[in-house]
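Undergrad: The structure that follows is given in the form of structure tokens.
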Amino acid sequence: MQFFVDTADVAEIRDLAEAGLLDGVTTNPSLVMKTGRDMFEVVGEICGIVDGPVSAEVAATDYETMLKEGRRLAEIADNVTIKVPLTFDGLKACRTLTGEGHMVNVTLCFSANQALLAAKAGATFISPFIGRLDDIGLKGSELIEEIRAIYDNYPAIDTQLLAASIRTPNHVKEAALAGADIVTVPPAVLRGLIDHPLTDKGLAAFLSDWKKTGQSIL
Ligand code: G3P
């Protein structure tokens, strides 16, 4: 499974990329707003740090303007992925933009049928939102399972399943168990995957015993 980070925070992206933990980045208008920066500047900077796909989202809701915005976003760098919403116009834009050779991430997916249509529209990535389904009392990870099973029924589908709206380490595990190709994870959750109290306890014991030996490796 590949790991994308779900943020527009360049410092976080640089740090995680240097650790070799990143295969790509996803942004959205809310994440760009949090930075207080210009989207073109931020996305350009991110594309210079990460070689993998970097999603940047259109702001229009009509087909023609989505196309114009998508093409403009794609000019930022070769690894820009144009993010479009899962609407009729979004799917139409997806078909046109992928036809032009661009990568397209269809976002705001909340049902298996929506994911089927995104694949039909030639989406490079489909982004089902786990956390937001959990928010309304549903089980977000079940949607990942359904989409995986459906896509696997049709080997011609090459849309990659990108689990989004990941809020907890458990969401990451559930997405992996359900067969997601990619998870996009906020930086704090990604760092949280490393933590385990028994790791901390074990390390403290090893360090204490090592000190008692009086030895030095270097
Ligand atoms: O990539 C989409 C993701 O950012 C949405 O996450 O936590 O706002 O539901 P959230």
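Computed from the coordinates by the stated procedures, all read-outs in this text should not be read as laboratory data. Fair warning: this is a prediction, and the values are worked out from it, not measured in the lab. Note that we place each Cβ from the backbone using ideal geometry, even for glycine, and neighbour counts take in every protein chain shown.
Undergrad: Provide His171, His196, His102 in ascending order of the number of other Cβ atoms located within 10 Å of each residue's Cβ, fewest first.
TA: Lowest count first: His196, His102, His171.
Undergrad: Calculate how steeply helix 197-213 sits against the longest principal axis of the alpha-carbon atoms of the chain, using the helix alpha-carbon long axis, and give the answer as 0 to 90 degrees to the nearest 10.
TA: 30
Undergrad: May I pose another question? Tell me the relative contact order for segment 2-213 as a rounded percent, counting alpha carbon contacts under 8 Å between residues six or more apart.
TA: 16 percent.
Undergrad: Now a separate question. Please identify, among Ala115, Ala60, Ala11, the residue showing maximal mean-square fluctuation in a Gaussian network model of the chain using a 10 angstrom Cα cutoff.
TA: Ala11
Undergrad: Local charge sum around Gly101 (other residues, Cβ-Cβ under 12 Å, Lys/Arg +1, Asp/Glu -1)?
TA: -1
Undergrad: To the nearest 10 degrees, how steep is helix 63-74 against the longest Cα principal axis of the chain, on a 0 to 90 scale?
TA: Roughly 40 degrees, rounded to the nearest 10.
Undergrad: Pairs Lys92/Lys173; Lys68/Lys139; Lys173/Lys201; Lys173/Lys211: which are spaced more than 29 Å apart, C-alpha to C-alpha?
TA: Result: Lys92/Lys173; Lys68/Lys139; Lys173/Lys211 exceed 29 Å.
Undergrad: Can you give the charge dipole size of segment 2-213 about its Cα centre, rounded to the nearest 20 debye, using +1 on the beta carbon of Lys and Arg and -1 on the beta carbon of Asp and Glu?
TA: 300
Undergrad: Residue farthest toward the positive end of the dipole of the chain, with Cβ of Lys/Arg at +1 and Asp/Glu at -1: which of Ala74, Pro169, Gly122?
TA: Of Ala74, Pro169, Gly122, it is Pro169.
Undergrad: Moving on to the next point. Rounded, prolate or oblate, given the Cα gyration tensor of segment 131-179, with a/c below 1.5 counting as rounded?
TA: prolate
Undergrad: Which residue fluctuates the most in the chain, going by a Gaussian network model with Cα springs under 10 Å, if the choices are Val185, Val50, Val84?
TA: Val50
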